[in-house]
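The values are calculated or read from the model by the stated rules, or taken from the named source; none is laboratory data. Since this is a predicted model, take the numbers as computed values, not measurements. Don't worry about glycine lacking a Cβ; one is built from the backbone with ideal geometry, like all the others, and counts go over all protein chains shown. For the accessible areas, the whole protein counts, side chains as well, though only heavy atoms, and no ligand, DNA or RNA atoms are used. Shrake-Rupley method; radii C 1.70, N 1.55, O 1.52, S 1.80 Å.
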Amino acid sequence: MKEVGKIWMNGKLVPFKNAKVHVLTHALHYSTAIFEGIRCYDTPSGSAIFRLPEHVERFFRSAKLYSMKMEFSKEQITDAIVKTVKASGLRECYIRPIAYYGYGTMGLTPTPNKVDVAIACWEWKMGESKAGKESGARCKISSWIRIDSRSQPMQAKAASNYANAALARVEALKNGYDEAIMLNHHGKIAEGSAENIFVVKDGQIFTPPLSSGCLAGITRDSVIQIIRAGGQEVTERELERDDLYSADEIFMTGTAAEVKSVAQIDDVIIGNGKIGQTTRRLQKEFMDVAMGNDQRFSHWLLYI
Ligand SMILES: Cc1ncc(COP(=O)(O)O)c(C=O)c1O
């Protein structure tokens, strides 16, 4: 990682190299952290942060689900994010706010510890949408089942959710795939390790409902709104494993992934194995929105 710019820690911008925590930080031992992933795009009209209020809202919702007492308001965190991006000197970047139970009292109970907040940003290449790749991701249905809200609040974007996701990702990579797709406890499709999933079949677009155990992705919501604004419908319904195998097209959405096509699931080639028409169109439409070229969604960009 290039150590560029500064990292905001509890109200102060500190040099990237000095942004350190104690080894007895509660979150390091018990995974008591929540975070966000946000993008800032280098648009023709300047750098713009994509859907910042929605990310800040989810950040605070995640914190509430873990009983975190935040010392900063939504407005202060919003300002701090803008300040951190400006201090990085980067025109486009990935932004990572994190709140975590800090150093103080060890033992399982997190609440005696202060909630520390940090915001970092770094370069993260834009996804396939911009690169215009000709083939999509090869995905493996994971043998690891997505944890669900009987165990943890899954609408919190919590570090602890990602141990489950990381197991799935590593299993997929070890087996020669690019990404994992996770089933829920009922055997229905939940999501990728860090992306939501959509299926195109006979001209219709489907995605699992949040009750299938997927994160309420902000890119998922953006793509649904873009599709609907174009006059097409997206149906939220439970998806079976065979819905994936028999799909004409599959794509995944996420802040890091943007709109990523899927060429293969297990040993089944999806469609003709190339990026499908609908996926290609949505990749373009999403990038138009992110780049500020679609006035219908210009309110999603905060120019800094
Ligand atoms: C588990 C999971 N699902 C879905 C997503 C997509 O969410 P978003 O579009 O808000 O980045 C992410 C990425 O943050 C994720 O980690």
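A compact table of results
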item	result
Segment 169-205: number of residues that are more than 21 Å from Lys157 (Cα to Cα), touching a Lys or Arg at 6+ places or on another chain (Cβ under 6 Å) and surrounded by 19 or more Cβ atoms within 10 Å (Cβ to Cβ)	2
Selected residue (only one of Ile269, Ile250, Ile304 is among the hydrophobic types (A, V, I, L, M, F, W, C), away from the ligand (no atom under 14 Å from the Cβ), closer than 18 Å to Glu179 by Cβ and open to solvent by 40 Å² or more (accessible area, probe 1.4 Å))	Ile269
Unmet criterion (only one of (1) open to solvent by 10 Å² or more (accessible area, probe 1.4 Å); (2) more than 26 Å from Ala165 (Cα to Cα)) for Val289	(1)
So Glu285, is it touching a Gly at 6+ places or on another chain (Cβ under 6 Å) and of a type outside the set (A, V, I, L, M, F, W, C)	no
Segment 214-264, residues that are of a type in the set (Asp, Glu) and in a strand (DSSP E or B)	Glu236, Glu249, Glu258
Which listed residue, of Glu36, Glu57, is touching a residue at least 40 places away in the same chain (Cβ under 8 Å), in contact with a helix residue (DSSP H, G or I) (Cβ under 8 Å, 6 or more places away or on another chain) and either among the basic types (Lys, Arg) or outside the structural domain of Met287 (by TED's automatic domain parsing) (or both)	Glu36
Any hit, segment 20-31, residues being of a type outside the set (Ser, Thr, Tyr), surrounded by 18 or more Cβ atoms within 10 Å (Cβ to Cβ) and within 16 Å of the ligand (Cβ to nearest atom)	no
Members of segment 254-274 found to be closer than 15 Å to Val200 by Cβ and touching a Gly at 6+ places or on another chain (Cβ under 7 Å), listed by number	Lys260, Ser261, Val262, Ala263
Exclusive hit being farther than 27 Å from Ile304 by Cα and touching a residue at least 12 places away in the same chain (Cβ under 8 Å), set Arg169, Arg96	Arg169
Residue under evaluation Tyr101, criteria (1) within 16 Å of the ligand (Cβ to nearest atom); (2) in contact (Cβ under 8 Å) with a residue 40 or more places away in the chain, criterion not met	(1)
